[in-house]
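See structure below.
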Amino acid sequence: MPATSQTLAAAAVGAAAVISSAVVYALLLTRRRQGRICLQRGAWRVRWAVAADVPTILRFVRELAEFEKLLHEVVMTEAQLLADFENGHWEALLCEPVGGGEPAGFSLYFHSYSTFEGLSLYLEDLYVAPSARGSGAGLALLQATATVAASRDCARLQWQALDWNKKAADFYTSDAAGARQRIGDDGTQWLNFIMEKKAIAALAGGGRKQT
């Protein structure tokens with residue numbers, strides 16, 4: 001039966017309510033767990049981020065963007081990143097040497113929602129500094145992020161990688177990580193789309209004119 005506008009609206013409201021509840025829950029957990037250890041694996045321990053980590057996280061974001069040749073697109077400021085953290089819009093994990101020392105990488109994630117399966121977690125960034133790559137830091141971060149998703153009964157943990165980053169793709173699909181590319185049983189591949197502020201404003205204002 002085709003969905004009516006009422007059922008679609010109800011589904012949207014329901015999904016928004018679930019995400020809103022998840023954000024509040026995540027905010028409470030984040031405040032309770034800030035700085036605590038989430039996971040220890042080999043030479044690395046992973047802990048929840050605190051507000052004081054925001055400058056380090058922004059530095060990692062910029063390093064990742066430079067690696068991806070996208071540094072010119074980063075307009076984030078410490079003030080905005082901190083405000084969004086304090087409002088529960090995102091959470092992060094930091095990977096540090098067990099014996100102490102500076103963070104070697106981070107993962108940043110937030111809740112999303114699947115109308116097929118329910119509450120999910122979206123991994124926006126996972127980054128390990130060049131000096132720590134190949135040491136297990138990336139796997140420790142990914143495992144810790146999966147631990148968070150499992151503890152919240154998330155149906156999915158999703159993220160993206162650039163198509164030219166073969167090392168990342170090989171790592172994510174390795175037996176150690178166990179992820180897969182999203183391809184349907186019939187071979188259907190899912191495409192990624194993005195709409196930025198200018199296009200959002202245009203569509204919200206009535207959409208582009210038909211030609």
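Of all residues in the range 62-95, count the ones that are within 20 Å of Leu123 (Cβ to Cβ), hydrophobic (A, V, I, L, M, F, W, C) and out of contact with any Phe, Trp or Tyr (no Cβ under 9 Å at 6 or more places or on another chain).
5
So which pairs qualify, if the first residue must be in the range 160-174 and among the aliphatic types (A, V, I, L, M), the second must be part of a helix (DSSP H, G or I), the Cβ gap must be under 8 Å, and the two must be at least 6 apart or on different chains?
Ala161/Ala168; Ala161/Ala169; Ala161/Tyr172; Leu162/Ala168
Of all residues in the range 68-79, how many are free of Cβ contacts under 8 Å to residues at least 60 places away in the same chain and farther than 16 Å from Glu196 by Cβ?
Qualifying residue count for the region: 5.
Can you report the number of residues in the range 156-211 which are closer than 30 Å to Ser135 by Cβ and among the hydrophobic types (A, V, I, L, M, F, W, C)?
Here the count works out to 11.
Filter the range 53-102 down to the residues that are of a type in the set (Phe, Trp, Tyr) and assigned to a helix (DSSP H, G or I), then identify the one that is nearest to Gln143 (Cα to Cα).
Only one residue fits best here, namely Phe60.
Confirm whether Gln143 is polar (S, T, N, Q), touching a residue at least 24 places away in the same chain (Cβ under 8 Å), closer than 22 Å to Ala177 by Cα and in a loop (DSSP other than H, G, I, E, B).
So Gln143 does not fit the description; no.
Please verify whether the range 108-118 includes one or more residues that are modelled with pLDDT of 90 or more, closer than 22 Å to Phe67 by Cα and surrounded by 10 or more Cβ atoms within 10 Å (Cβ to Cβ).
So far as the range 108-118 goes, yes, one or more of its residues are modelled with pLDDT of 90 or more, closer than 22 Å to Phe67 by Cα and surrounded by 10 or more Cβ atoms within 10 Å (Cβ to Cβ).
Yes or no, residue by residue, for (1) closer than 20 Å to Val46 by Cα; (2) in contact with a Leu (Cβ under 9 Å, 6 or more places away or on another chain):
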site: Met76; (1), (2): no, yes
site: Gly101; (1), (2): yes, no
site: Gly105; (1), (2): yes, yes
site: Ser114; (1), (2): no, no
site: Tyr122; (1), (2): yes, yes
site: Asp125; (1), (2): yes, yes
site: Leu142; (1), (2): yes, yes
site: Phe171; (1), (2): yes, yes
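Determine which member of the set Val54, Val61, Val23, Val46 is at pLDDT below 55, under 18 Å from the mean Cα position of the chain (by Cα) and crowded, with 16+ Cβ neighbours inside 10 Å.
Sole residue among the options that is at pLDDT below 55, under 18 Å from the mean Cα position of the chain (by Cα) and crowded, with 16+ Cβ neighbours inside 10 Å: Val23.
Can you find a residue that is of a type outside the set (Val, Ile, Thr), under 23 Å from Cys95 (Cα atoms) and in contact (Cβ under 8 Å) with a residue 24 or more places away in the chain anywhere in the range 187-200?
No: the range 187-200 contains no residue that is of a type outside the set (Val, Ile, Thr), under 23 Å from Cys95 (Cα atoms) and in contact (Cβ under 8 Å) with a residue 24 or more places away in the chain.
Regarding Leu121, is this residue touching a Lys or Arg at 6+ places or on another chain (Cβ under 8 Å) and either free of Cβ contacts under 8 Å to residues at least 40 places away in the same chain or part of a helix (DSSP H, G or I) (or both)?
It is true that Leu121 is touching a Lys or Arg at 6+ places or on another chain (Cβ under 8 Å) and either free of Cβ contacts under 8 Å to residues at least 40 places away in the same chain or part of a helix (DSSP H, G or I) (or both).
Is it the case that Ala104 is among the hydrophobic types (A, V, I, L, M, F, W, C) and touching a Pro at 6+ places or on another chain (Cβ under 8 Å)?
yes
From the set of residues in the range 152-211 that are among the aliphatic types (A, V, I, L, M), touching an Asp or Glu at 6+ places or on another chain (Cβ under 9 Å) and assigned to a loop (DSSP other than H, G, I, E, B), which is modelled with the lowest pLDDT?
Among them, the one singled out is Leu162.
The values are calculated or read from the model by the stated rules, or taken from the named source; none is laboratory data. The structure presented is a predicted model; accordingly, all values stated were derived computationally and were not measured. Here Cβ is always computed from backbone atoms with ideal geometry, including for glycine, and neighbour counts include all displayed protein chains.
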